[in-house]
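Shown next, in C-alpha cells, is the structure this report addresses.
The values are calculated or read from the model by the stated rules, or taken from the named source; none is laboratory data. Being a predicted model, the structure only gives us computed values, none of them experimental. When we count neighbours, we look across all protein chains shown, and the Cβ atoms used for this are built from the backbone with ideal geometry, even at glycine.
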C-alpha cells in the first residue's frame, strides 16, 4: 500500500452497551483500566476470524468481561471524524458499530477489568425519579444560555429551541426519550469533556464541575443511543422482561421500568395498565416479605408476542409532574 493510501484506511470497531438493573439502579457493563476512562466492551472486527459482526462482538465481550450475551440488537453505526481518537490524526478512521444488549442482574463480573457502572453516573441529568436533577438548573441551563447567546440571530433561536425541548426548560414537559439529543447538544456546546478532548472546544468553555463522568472514545455517545433506544422500545415491545427474573412482583417490575425511564409512575395506574395489556399472568405463588401482605408473583406471558404486534409497557401516567 502506498503511503498516501494509509490516510484513507477505515477500521470497523464493535462496541456493546450491556444493560442490567439491580436494586433500582440501571447499570452498564464497562471495562476500566487504571488511570483511564471507563469504556464499553469493544474491539475491531476481523473479517478473517469473525463470521459476522455480531459474532465478533460476542467474542470481544466474552474475552473482556467473561459475559456471554443473550439478547442483543444492533443500534447504529458511528463514523464521525475525530470522535474515536484520543488525539487528532492518530491511526485509521474508525467506524464503530454499536449494539444494545440486555441481561438479568447478577453479581460483579469475574473479569479483572470489568465492572458494572451506574448509567446515571455518566448522565446525571437523566434521573428524575425523585425530583428534577439539580445539575440542570445549577450548571446546564446557565451554560446553555451562554451557548445560545454566542450564536448568530437565526442560529441562536434554533439553539434556544433545542435547549428548551431537550432539557424541559421554560415549562416544557420533560421527554425521557431525548437522551441522545441532550448529549449531542451538550457536546456541540462544548460542555462535556469529550468535546474538549476531540478538539471541539477549550477547557475554558467547560463548566467548573464535570457534566457526568466521561468515557473513552465515543462510548458515552453510544451509551446515550442505547438508553434512548431502550426507553423508547420498551413502550411498544416487551424488552423490559429481559431485565427481570422469571418471576417477579408487579412492584418489582414497576421499579425496573422506573429505573430505565428515569421517572416515577403511579402505582395503581401502572398495575391496571400491565394487567389490561395482558403482559403478565399470576403464578399462584407469593413473594416472601418481612412485613406487610405477601405480594403475588407474576411471569411474562410470551403468548402476547403472537397476539399483537405492539406489546410494550406504555406508561402515560406519572406519579407527579416533572416540569
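From the list 191, 100, 169, which residue is at negative phi, under 15 Å from the mean Cα position of the chain (by Cα) and surrounded by 15 or more Cβ atoms within 10 Å (Cβ to Cβ)?
Within the list 191, 100, 169, the selection yields 100.
Take the residues of segment 241-254 that are surrounded by 19 or more Cβ atoms within 10 Å (Cβ to Cβ) and out of contact with any helix residue (DSSP H, G or I) (no Cβ under 6 Å at 6 or more places or on another chain): which is farthest from residue 100 (Cα to Cα)?
Looking at residues that are surrounded by 19 or more Cβ atoms within 10 Å (Cβ to Cβ) and out of contact with any helix residue (DSSP H, G or I) (no Cβ under 6 Å at 6 or more places or on another chain), I get 248.
Please enumerate the residues belonging to segment 104-149 that are farther than 30 Å from residue 163 by Cα, outside any loop (DSSP other than H, G, I, E, B) and in contact with a helix residue (DSSP H, G or I) (Cβ under 8 Å, 6 or more places away or on another chain).
Correct list: 114 only.
Counting only residues that are surrounded by fewer than 20 Cβ atoms within 10 Å (Cβ to Cβ) and at pLDDT below 90, give me the strands (runs of 3 or more DSSP E) lying completely in segment 1-86 with at least 3 of them.
Of the strands (runs of 3 or more DSSP E) lying wholly inside segment 1-86, those with at least 3 residues that are surrounded by fewer than 20 Cβ atoms within 10 Å (Cβ to Cβ) and at pLDDT below 90 span 10-22, 71-78.
Within segment 140-166, take every residue that is buried (at least 21 other Cβ atoms within 10 Å of the Cβ) and closer than 26 Å to residue 233 by Cα and give me the one that is nearest to the chain's Cα centre (by Cα).
Filtering first and then ranking leaves 166.
Just to confirm my filter: which helices (runs of 4 or more DSSP H) fall fully inside segment 178-239 and include at least 2 residues that are at pLDDT below 90 and touching a helix residue (DSSP H, G or I) at 6+ places or on another chain (Cβ under 8 Å)?
Passing ranges, in order: 193-197.
Could you run through segment 280-314 and say how many residues are touching a residue at least 12 places away in the same chain (Cβ under 8 Å) and farther than 13 Å from residue 247 by Cα?
Total satisfying the criteria: 8.
Looking only at segment 150-177, count every residue that is outside any helix (DSSP H, G or I) and either touching a strand residue (DSSP E or B) at 6+ places or on another chain (Cβ under 8 Å) or under 18 Å from residue 122 (Cα atoms) (or both) and tell me the total.
Residues that pass the stated criteria total 2.
Give segment 125-139 a look and list any residue that's surrounded by 14 or more Cβ atoms within 10 Å (Cβ to Cβ) and over 20 Å from the mean Cα position of the chain (by Cα), or say none.
The one that is surrounded by 14 or more Cβ atoms within 10 Å (Cβ to Cβ) and over 20 Å from the mean Cα position of the chain (by Cα): 139.
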